[in-house]
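Below is one structure, written out as structure tokens; the observations come after it.
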Amino acid sequence: MNLGRGRGVAEPTPGSLWYSITARKFSEGVLGSVRSYLECMKSILLLPLLISPNPSDPSATVSLVLDEFHRAAGMADSDQYFGMMAEDGVFIGTDADERWSVAEFRDYAEPYFSRGTGWTYVASDRNIKLSGSEDVAWFDERLQNVKYGEVRGSGVLERIDGDWKIAQYNLSFPVPNAHAPGMVKSTRRAQSLGDPRATQLFAVDGERSLSIWNKVVPAQLERPASERPVVLLLPSATFNARGTWDFPLRKYSVMNALASRGFDVFAVDVGGYGLSSPPSDNPKGGARSAVRDVLIAMDFITELRGVQKAVVVGPSWGAQVAGLFATQHPDKVRGVVLYGYRWRSRASEEVMREVMGREALEANTRPVTREAAVMDFIPGYSEEDAPAAFATHLLAQGRSVPTGALHDFMDELPLFDPAELDVPTLMLYGRMEFESMSSEGEGELTFDGEHWNEQREFFLGLPQSRHWIEVPEAGHSAHLASNHGLFLLCLAGWIERLP
């Protein structure tokens, strides 16, 4: 068995299967066992391949070559990795379009490798067959990956000038037969859709207008309204909706990911956020004011698309708005996602004044700085170029927000109780939301049981269909973490299974 070391970068594909597990089980199960093995083998795996294979056993040599191939990928060692492939070699990825020459594959991988980010696979089983001349080897192997679980590799090696080179490597997802029909249906739907189209819309309410950023695949609009599920994405206390959900760096855009899976996606900026007019009643805004704006947006979308219900997704303070909207207008909500939600515990005014400043709390609006824009990125769990790129993108959509969200956290919680939320509900967190740095432990993470228990108490009080998911290696903004693909997989998978 061989395990390379490095952080995985591959994204979930439209046909990926979703399984309902908590990240607690995930981290203590598959993820935990992989990491435990990694720690045990670290002293071996981080070394170059120094073992001299037995020349009388070509199969053993081929196996060592494949081990080194995976090790080089985990170490983001570009020269070693691609040097192990034949000059006319081919790598076949999991996407139907991914049939790459060595040069094409290098172009794809180089942006990741140059940042020291590779992909980690654990070989748990391998079969090798040699040609009669022992110059060609066919293989198949079972691999474990933290994001994908079990995958399969197969291919061909050739002995060229005395060295074994990989002529073809084929990476694939084995699909249980029972799940194949659903996977095929999902994949066919994704393949028939095409690329999402972006449209700037405005819902007008008297002299006010609300900014609504829409992404949908045009072919999806030809389907009946019942087959065009609508998703409303709300802002957080500091991040406007478009900036939060449509981050264009690589595959970070949640809007693109959802639209590509067939959803009609709307990022709704309530009063004072993004390009929207100031709040209508309270100049500071707040969740109750925002709920009225979400209703205006929903009525606008109903008239535009002919749909009566939407899945409403709220991050952090936006979860307060989403949940409150669902309690007041359950007839308009197909399901609600409380992402990074806090139920009862209020923020200390003293701490808030220290963090935000006295002026920010007393004013109607507060500036959004580059420092505030990157506050949710956790060193070691974020891609190196993501924070600066996100700050630039976010500030391009708006540089100030109302202060009402801060007052909600200080004075208004709880805004609703679980018994009032009578719609299907997903409570979604980054696992590190419940972990804090211990000054005594020199940076070690400690579990915040009080915070976790409060949210679990809320969860257990929900009367309708309920799910709880924690995304490992991610914090308050899991969609911005290095493993944002897992966040997307969990979010889209839950929405797709709503009745």
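The values are calculated or read from the model by the stated rules, or taken from the named source; none is laboratory data. None of these values were measured; they are calculated from a predicted model. Don't worry about glycine lacking a Cβ; one is built from the backbone with ideal geometry, like all the others, and counts go over all protein chains shown.
Figures for the structure shown
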read-out	value
Residues that are assigned to a strand (DSSP E or B) and aliphatic (A, V, I, L, M), drawn from region 232-289	Leu232, Leu233, Val265, Ala267, Val268
Criterion violated by Ala372 - all others in (1) closer than 22 Å to Glu435 by Cβ; (2) small (Gly, Ala, Ser); (3) surrounded by 15 or more Cβ atoms within 10 Å (Cβ to Cβ); (4) free of Cβ contacts under 8 Å to residues at least 60 places away in the same chain satisfied	(4)
Residue in region 334-353 that is under 28 Å from Val254 (Cα atoms), surrounded by fewer than 17 Cβ atoms within 10 Å (Cβ to Cβ) and touching a residue at least 12 places away in the same chain (Cβ under 8 Å) present	no
Of all residues making up region 406-426, the number that are among the aliphatic types (A, V, I, L, M), in contact (Cβ under 8 Å) with a residue 60 or more places away in the chain and touching a Pro at 6+ places or on another chain (Cβ under 9 Å)	2
Given (1) of a type in the set (Lys, Arg); (2) more than 21 Å from Thr425 (Cβ to Cβ); (3) surrounded by fewer than 18 Cβ atoms within 10 Å (Cβ to Cβ), index of the condition Arg366 fails	(3)
Region 376-399 - residue that is in contact (Cβ under 8 Å) with a residue 60 or more places away in the chain and surrounded by fewer than 15 Cβ atoms within 10 Å (Cβ to Cβ) and, of those, nearest to Lys284 (Cα to Cα)	Ala396
All positions within region 155-190 that are surrounded by 16 or more Cβ atoms within 10 Å (Cβ to Cβ), more than 26 Å from the chain's Cα centre (by Cα) and not small (Gly, Ala, Ser)	Val156, Leu157, Glu158, Arg159, Trp164, Lys165, Ile166, Gln168, Tyr169
Of all residues in region 224-235 being more than 23 Å from Gly274 (Cβ to Cβ) and at pLDDT 85 or above, the one that is surrounded by the fewest Cβ atoms within 10 Å (Cβ to Cβ)	Pro224
Residue in region 196-210 that is within 22 Å of the chain's Cα centre (by Cα), among the aliphatic types (A, V, I, L, M), in a strand (DSSP E or B) and in the same structural domain as Cys490 (by TED's automatic domain parsing) present	yes
Residues of region 118-141 satisfying the condition of being in a loop (DSSP other than H, G, I, E, B) and either in contact with a His (Cβ under 7 Å, 6 or more places away or on another chain) or not assigned by TED's automatic domain parsing to the domain that holds Tyr169 (or both)	Tyr121
Count - residues of region 480-499 that are in contact with a strand residue (DSSP E or B) (Cβ under 8 Å, 6 or more places away or on another chain) and surrounded by 17 or more Cβ atoms within 10 Å (Cβ to Cβ)	8
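To keep it simple, each residue is scored yes or no on (1) surrounded by fewer than 21 Cβ atoms within 10 Å (Cβ to Cβ); (2) assigned by TED's automatic domain parsing to the domain that holds Phe139; (3) touching a residue at least 12 places away in the same chain (Cβ under 8 Å).
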position	(1), (2), (3)
Asp57	yes, yes, no
Glu68	yes, yes, yes
Met75	yes, yes, yes
Asp79	yes, yes, no
Asp88	yes, yes, yes
Asp95	yes, yes, yes
Arg99	yes, yes, no
Glu104	yes, yes, no
Phe113	no, yes, yes
